[in-house]
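Novice: Let me begin by handing over the structure; questions about it come next.
The values are calculated or read from the model by the stated rules, or taken from the named source; none is laboratory data. Since we're looking at a predicted model, the values are computed, not measured. Using ideal geometry, Cβ is built from the backbone for each residue, glycine included, and neighbour counts are taken over all protein chains shown. Each accessible area value is taken on the protein alone, full model and side chains, heavy atoms only, with ligands, DNA and RNA left out. Shrake-Rupley method; radii C 1.70, N 1.55, O 1.52, S 1.80 Å.
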Amino acid sequence: MIDLRTGHPRRLPHRALASACRGAAARLDTASEDSFPLQYEPSCFGTPRFVHALAQFLSEAHGVRIFENNLMATNGVSHGVDLCVSAMSTPGDLVLVEEPTYFLVRQIFLDHNLEVHGVRGDADGLDTAELERLLASGKMRPPRLVYVVPSHGNPSGISLSPSRRAHLVRLALRYDFLILSDDVYELLGWAEPTPRLIEYDPKYKQQLAAAGAEPSLSSAPSEPADVYAYPAAAQPKQHEVDVGVVVSIGSFTKILAPGLRLGWLEASPALLQQIRARGYVVSGGGMAPFTGEIVAELLVNGEQMRHIRQLREDLEAGCTALCNELQAAGCFEFTRPQGGYFCWVRLPDPIQATALRPKAEQRGMVFLPGPICTPTANPLSYESYVRLCFAYCNVEDIAEGVRRLSACVRSEQVGA
């Protein structure tokens with residue numbers, strides 16, 4: 001059975017992590033809190049060594065200054081989303097997601113008794129013009145949260161365009177909502193990167209300016225001047241600018257190993273203080289201090305960056321194999337991803353994904369049907385789509401999996 005459904009990494013750095021464990025153990029062997037802390041972490045943001053190493057690593061990876069006081073350790077992206085929802089919303093609030101979206105995130109919102117609605121996306125990501133029309137019309141109450149996967153999205157593989165990133169931040173300031181930016185695939189692109197969503201946040205820009213640091217926005221494609229313009233009656237409140245409107249949610253799940261259960265939040269100090277104040281965080285003294293000390297070894301010695309470079313090569317090779325077979329089949333529509341794990345593929349009419357799945361499994365391959373990725377839309381509107389993962393299998397199996405899928409589709413077309 002060839003699995004093009006599972007969104008797991010194939011390359012796991014067992015030896016690098018073993019070496020990191022030995023390095024951390026050497027510090028632990030000194031029986032010194034300064035060398036390896038075992039007490040509660042009083043700041044609740046993460047051990048100083050881990051936070052410092054993480055800031056240095058992210059600054060190098062993104063080519064822009066990352067501030068240590070903007071970082072907080074978590075147990076991964078799902079935990080980071082849950083922490084943000086817990087701290088930033090109340091039951092009954094509205095949360096908007098891109099349609100289609102990461103299929104497991106909806107349950108996190110429902111667990112907090114939030115109302116979930118979708119806003120459609122297209123080849124440039126979340127349609128922020130449509131979002132603005134909905135908000136301006138009064139037909140939709142302002143959301144408290146907007147959740148997006150802006151780079152190499154799950155399931156779409158699409159990245160939110162620079163102009164829409166800026167527009168989304170502008171809308172957040174105008175309508176007073178918080179953006180949860182799921183950046184788990186941010187470092188897994190092989191084309192020219194787009195500045196991260198948080199880099200459009202006015203608070204982050206203030207921090208860069210105060211530190212005399214250069215923004216990476218200068219490398220972004222030119223944007224219409226009015227992207228940053230506010231109507232006179234809709235100027236953002238200074239409080240909103242000072243606090244910030246974007247939380248970047250990162251994780252070592254896709255770039256190192258899922259079993260570590262280690263991630264981070266990046267946001268303004270004011271937003272992080274709201275999250276830190278949660279009873280769960282204060283009582284526990286922060287998240288994953290022991291694991292953070294181990295991963296810090298990889299961040300400091302450069303092994304994490306080397307691993308990411310190899311991952312990008314593997315992912316690009318897998319993506320190329322998948323897309324070449326899809327193109328050779330001649331019956332699929334898709335946009336070639338520029339990073340991440342996934343490709344969003346349209347089946348030929350009138351074939352439907354849910355009905356096709358058991359027949360594909362009989363031929364020895366599995367995929368994720370499109371309707372699973374649509375928490376609020378009519379499932380029938382996404383029956384023509386499947387999500388294929390090029391991260392989990394090797395190149396040969398990826399190509400063979402697509403050939404089996406295309407054979408299944410051709411059989412259905414003949415039968416029709």
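Novice: Please determine, by comparing only the residues of the range 91-107 that are among the β-branched types (Val, Ile, Thr) and surrounded by 24 or more Cβ atoms within 10 Å (Cβ to Cβ), which one is farthest from Gly153 (Cα to Cα).
Specialist: Among residues in the range 91-107 that are among the β-branched types (Val, Ile, Thr) and surrounded by 24 or more Cβ atoms within 10 Å (Cβ to Cβ), the one farthest from Gly153 (Cα to Cα) is Val95.
Residue-by-condition table, conditions (1) open to solvent by less than 10 Å² (accessible area, probe 1.4 Å); (2) touching a strand residue (DSSP E or B) at 6+ places or on another chain (Cβ under 6 Å):
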position	(1), (2)
Gly121	no, yes
Leu131	yes, yes
Ser137	no, no
Leu168	yes, no
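Novice: Which residue pairs have Cβ atoms closer than 7 Å, lie 6 or more positions apart in sequence or on different chains, and pair a first residue in the range 257-285 that is over 26 Å from Gly7 (Cβ atoms) and open to solvent by 30 Å² or more (accessible area, probe 1.4 Å) with a second residue that is in a loop (DSSP other than H, G, I, E, B) and not aromatic (Phe, Trp, Tyr)?
Specialist: Correct list of pairs: Ala270/Gly244; Arg276/Cys44; Val282/Cys44.
Novice: Using the structure shown, decide if Phe67 is buried (at least 19 other Cβ atoms within 10 Å of the Cβ), in contact (Cβ under 8 Å) with a residue 24 or more places away in the chain and not basic (Lys, Arg).
Specialist: no
Novice: Residue by residue through the range 7-32, note down the ones that are assigned to a helix (DSSP H, G or I), under 17 Å from Gly259 (Cβ atoms) and not small (Gly, Ala, Ser).
Specialist: His14, Arg15, Leu17, Cys21
Novice: So, of the residues in the range 324-345 that are under 25 Å from the mean Cα position of the chain (by Cα) and assigned to a loop (DSSP other than H, G, I, E, B), which turns out to be nearest to Arg312 (Cα to Cα)?
Specialist: Taking the candidates together, the pick is Gly340.
Novice: Moving on to the next point. Which residues, counting only those in the range 6-32, are farther than 17 Å from Gln304 by Cβ, open to solvent by less than 60 Å² (accessible area, probe 1.4 Å) and touching a residue at least 12 places away in the same chain (Cβ under 8 Å)?
Specialist: Once the filter is applied, which keeps residues that are farther than 17 Å from Gln304 by Cβ, open to solvent by less than 60 Å² (accessible area, probe 1.4 Å) and touching a residue at least 12 places away in the same chain (Cβ under 8 Å), the range 6-32 yields Thr6, Gly7, Arg27.
Novice: From the list Ser35, Ser43, pick out the single residue that is in a loop (DSSP other than H, G, I, E, B), at pLDDT 95 or above and either over 30 Å from Gly339 (Cβ atoms) or not small (Gly, Ala, Ser) (or both).
Specialist: Ser35
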